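The next block holds one structure in the form of structure tokens; read it before the comments.
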């Protein structure tokens, strides 16, 4: 029986990130230009949150329909000033965790991705639905001997 596959073998390592004091617009531009749905927010190398495309859209809509205050130039503001767009209650996994553990967490939390951190909470990768599907696709080809 082959050994278990660990997260570091299938995670995305080349990440697009923002710093907590970067502009909100930068996160939006990264999502559009790089076609990603989640952008990790760092303070130095430490993960402090994730901005999702959904969170950014919800924030934008709230600003559009808020009649109490004039529409702020939110795209020029720092993420730290608008932390409501950032999910700070995030579940992380470690590079040596198994794929099954990650899938169970993703299903239970209905998470589209899981940040992968080292023991010092430094971001080292990201595991997305796509990473898991690519892994499963490879395993199915190995099991069946075909890609159809």
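The values are calculated or read from the model by the stated rules, or taken from the named source; none is laboratory data. Because the structure is predicted, anything quoted here is derived from the model rather than measured. All Cβ positions, glycine included, derive from the backbone under ideal geometry; neighbour counts span all protein chains shown.
Residues are listed down the side, and each one gets a yes or a no for (1) exposed (fewer than 12 other Cβ atoms within 10 Å of the Cβ); (2) out of contact with any helix residue (DSSP H, G or I) (no Cβ under 6 Å at 6 or more places or on another chain); (3) in contact (Cβ under 8 Å) with a residue 60 or more places away in the chain; (4) closer than 19 Å to residue 35 by Cβ:
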| site | (1), (2), (3), (4) |
| --- | --- |
| 113 | no, yes, yes, yes |
| 116 | no, no, yes, no |
| 123 | no, yes, yes, no |
| 142 | yes, yes, no, no |
Scan of the range 95-111 for residues that are in contact with a strand residue (DSSP E or B) (Cβ under 8 Å, 6 or more places away or on another chain), in a loop (DSSP other than H, G, I, E, B) and loosely packed, with under 15 Cβ neighbours inside 10 Å, ordered by number: 96
Any hit, the range 71-94, residues being in a helix (DSSP H, G or I) and modelled with pLDDT of 90 or more: no
Within the range 37-58, tally of residues that are at pLDDT 90 or above, in contact with a helix residue (DSSP H, G or I) (Cβ under 8 Å, 6 or more places away or on another chain) and crowded, with 19+ Cβ neighbours inside 10 Å: 5
